[in-house]
Structure formats: structure tokens, C-alpha cells
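Notes for the one structure printed next.
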Amino acid sequence: MMDPLERCDPDDDTSVGLMAAALERGHRVECCTAADVSLVDGRVVARVRPVAASGPAVTAGPRGARPVGLDGVDAVLVRTDPPVDAGYLALTLLLEFARGTTLLVNDPRGLREANEKLYACRFPDLMPPTVVTADGPTLVAFADGHGGAVVKPLDGHGGRGVVRLAAGDPGGPGLVEAATAGGTRPVMAQQFLPGVGDGDRRILLLDGAPLGVLNRRPAPGEFRANIGLGATVEVVELDARDRRIVDVLAPALRADGLWFVGIDVIDGRLSEVNVTSPTGLRQLTRLSGGRPDLAVVDWIAARAGGGVG
């Protein structure tokens with residue numbers, strides 16, 4: 001379950017990479033959007049498109065005339081991009097009716113509970129100084145008191161809507177006024193970490209264990225280290241600070257059914273926990289020389305074969 005395949009970059013999109021890897025392993029693969037999912041007499045069904053390999057990418061055929069019951073498939077990967085809006089939440093509630101009949105990755109209950117910005121706040125000792133509020137003066141004071149801040153919407157992704165607020169910036173009140181929609185929408189502010197210039201580390205986790213680490217360096221003149229914003233990417237080793245963060249998070253992620261996750265670490269501090277449609281797997285596969293994409297597919301196949309829902 002994903003956004004329309006036609007919108008995906010075939011070279012870099014993680015969902016495309018997972019489908020290609022599943023086809024390589026000989027699995028049948030189908031895709032659909034959230035709008036294709038229905039509940040009929042208590043049974044979750046979806047109008048799906050068959051997926052076939054096309055070189056390193058995939059192609060999808062037309063939607064079937066009849067919906068497919070999710071109780072007839074081995075696993076469902078939920079990878080619709082944020083925002084986590086009313087439609088997204090409705091999808092997770094519909095998927096509750098498939099609980100116990102198929103493997104759900106990630107678990108819809110976990111997806112509802114794990115706001116990608118706020119989930120990290122369960123572990124304040126791992127994070128940089130952070131405040132979540134809609135109050136403009138509080139945000140300005142936070143930036144002034146911490147030598148600058150990064151302000152993020154709670155429902156964004158890919159760096160959209162993220163702004164840097166410098167200490168003492170005369171334009172600061174205007175920036176937070178816009179970010180908070182006039183003091184009506186809470187945002188997250190975190191201390192700006194200059195170490196982001198050396199990279200924002202995306203650590204991909206499968207069942208709480210690291211698949212690998214991508215170090216993303218911001219493009220010149222940019223502080224956001226998102227791949228979609230031109231960041232350069234290299235594979236690096238997990239270091240001791242990364243390991244500490246992973247070890248603390250892993251039990252909570254497993255308990256919440258958050259099986260495939262991407263966490264972001266800057267200068268040894270946890271900034272985000274990405275659970276809806278974590279990216280980077282395609283780049284990790286290409287640059288590492290390994291096959292973490294097949295590792296994900298094999299884990300899903302083994303877990304589904306074990307009858308876990």
C-alpha cells in the first residue's frame with residue numbers, strides 16, 4: 001500500500017526497491033493506494049495492480065476487476081507517505097480488521113501511535129534539547145537560549161516546511177508565526193546542531209537491528225540533509241553513539257510492531273524516528289555492495305510463514 005507507483009523514482013524509491021527484491025525472490029507482488037482499500041462485511045479488501053519486474057524498476061498492470069481480500073495474502077506493507085491525515089488514519093483503522101489474518105508491516109496501531117517527530121520524545125536523553133509548542137514567544141526564546149533552532153512541522157516529511165531559526169534573528173517572530181499558523185499549530189523546535197554539516201545519519205532498522213547507515217551531507221548552502229534536497233550520500237559504519245541509540249530504541253520499536261524503521265542521528269543525537277515510509281534502502285543497497293533489500297524481503301517471508309499477524 002503506497003502512493004501511486006507512477007510518482008515514484010524507480011532508481012531511488014524504497015518501495016520500488018522492495019517490490020523488485022520480492023520479485024527477484026519469486027514472490028507475487030501487488031500494489032494499491034489507500035483509496036483502493038475497503039471494508040466489506042467486516043473483511044478488508046483492496047483493488048490491486050499486479051507488479052512485474054522491468055530491469056531494476058517495476059511496472060504495474062491495471063487494477064483488477066474484483067477486490068482481493070487481505071486475508072488471502074501473506075503480508076501487507078504499508079508505505080503511504082505522510083502527512084498522517086484523516087485519510088491515513090482511516091487506512092490504519094481499516095487495517096485493524098486484518099489483524100491476525102496477515103502480517104502487517106508496519107503495524108497500523110504502531111503507525112497511529114508513532115508520530116515521526118514525537119516518537120523520539122519518548123527518549124529525551126538521546127535527543128538534542130527539544131520543545132513542542134504552538135506558542136511563538138516560547139519558540140523564539142528557545143532559539144535564543146540554545147544558539148539557534150530547527151523548527152519542524154509535526155506531520156511533514158522530506159524536509160518540507162523545516163526552517164532554521166537563528167538566535168537573535170529579528171525575523172524570528174515572523175518565521176514562527178508562519179510555522180505555527182498564527183499560534184494554532186504545534187511544531188517541534190530542536191537545538192540546531194552544527195554537526196549536521198558533517199552529515200545526518202539515516203540508520204535503517206529491521207526488527208530493531210541495523211541494516212546499515214547512510215551519512216547524508218547537505219547540499220551547499222542547505223542545512224537540511226534530505227536526499228530529495230540534493231544531499232550527497234555515503235555508507236558509513238555504525239559507531240558507539242549510534243549503537244547506544246539503537247539499543248535503547250529496539251525494544252520499544254518491537255513492542256509497537258514498527259518492524260522497518262529509519263532513524264535520524266545528528267552529532268550523536270536522535271532527531272527523528274521514521275516509520276511511515278522510511279527511505280534510503282535503495283541507496284544503501286547500491287552503495288554498500290550488500291543486499292539489505294533482500295534481507296528485508298526474506299525477513300518478511302519468514303515472519304509471514306510463521307503466522308505472525
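Checking the structure you have, find out if any residue of region 165-173 is out of contact with any Ser or Thr (no Cβ under 6 Å at 6 or more places or on another chain), assigned by TED's automatic domain parsing to the domain that holds GLY147 and without any contact (Cβ under 8 Å) to a residue 12 or more places away in the chain.
Within region 165-173 (the criterion being out of contact with any Ser or Thr (no Cβ under 6 Å at 6 or more places or on another chain), assigned by TED's automatic domain parsing to the domain that holds GLY147 and without any contact (Cβ under 8 Å) to a residue 12 or more places away in the chain), the answer is yes, since at least one residue qualifies.
Are there any pairs, at least 6 apart or on different chains, whose C-beta atoms fall under 6 Å, with the first in region 100-113 and in contact (Cβ under 8 Å) with a residue 12 or more places away in the chain and outside the structural domain of ASP256 (by TED's automatic domain parsing) and the second surrounded by fewer than 23 Cβ atoms within 10 Å (Cβ to Cβ) and of a type in the set (Lys, Arg), and if so, which?
LEU103/ARG303
With the structure loaded, tell me whether ALA52 is out of contact with any Phe, Trp or Tyr (no Cβ under 9 Å at 6 or more places or on another chain) and modelled with pLDDT of 95 or more or whether it fails that test.
For ALA52, the condition - out of contact with any Phe, Trp or Tyr (no Cβ under 9 Å at 6 or more places or on another chain) and modelled with pLDDT of 95 or more - is met.
Considering only helices (runs of 4 or more DSSP H) fully contained in region 200-309, which possess at least 3 residues that are of a type outside the set (A, V, I, L, M, F, W, C) and surrounded by 23 or more Cβ atoms within 10 Å (Cβ to Cβ)?
Ranges flagged: none.
Can you name the residue in region 28-47 that is touching an Asp or Glu at 6+ places or on another chain (Cβ under 8 Å) and surrounded by fewer than 21 Cβ atoms within 10 Å (Cβ to Cβ) and is also nearest to ALA98 (Cα to Cα) among such residues?
ARG43
What single numbered condition from (1) farther than 17 Å from ALA20 by Cβ; (2) at pLDDT 95 or above fails to hold for ALA295?
That leaves (1) as the condition not met.
From the list ALA86, ALA57, exactly one residue is of a type outside the set (Asp, Glu) and in contact (Cβ under 8 Å) with a residue 12 or more places away in the chain. Which is it?
ALA57
Is region 244-259 home to any residue that is of a type in the set (D, E, K, R) and over 27 Å from ILE300 (Cα atoms)?
No, because not a single residue in region 244-259 is of a type in the set (D, E, K, R) and over 27 Å from ILE300 (Cα atoms).
ARG164 is checked against (1) within 25 Å of ASN106 (Cβ to Cβ); (2) in a strand (DSSP E or B); (3) in contact with a Gly (Cβ under 9 Å, 6 or more places away or on another chain) and fails just one. What number does that condition carry?
All conditions pass for ARG164, except number (1).
The values are calculated or read from the model by the stated rules, or taken from the named source; none is laboratory data. Keep in mind the model is a prediction, meaning the values are calculated, not measured. With ideal geometry, Cβ positions are generated from the backbone for all residues, glycine too; neighbour counts draw on all protein chains shown.
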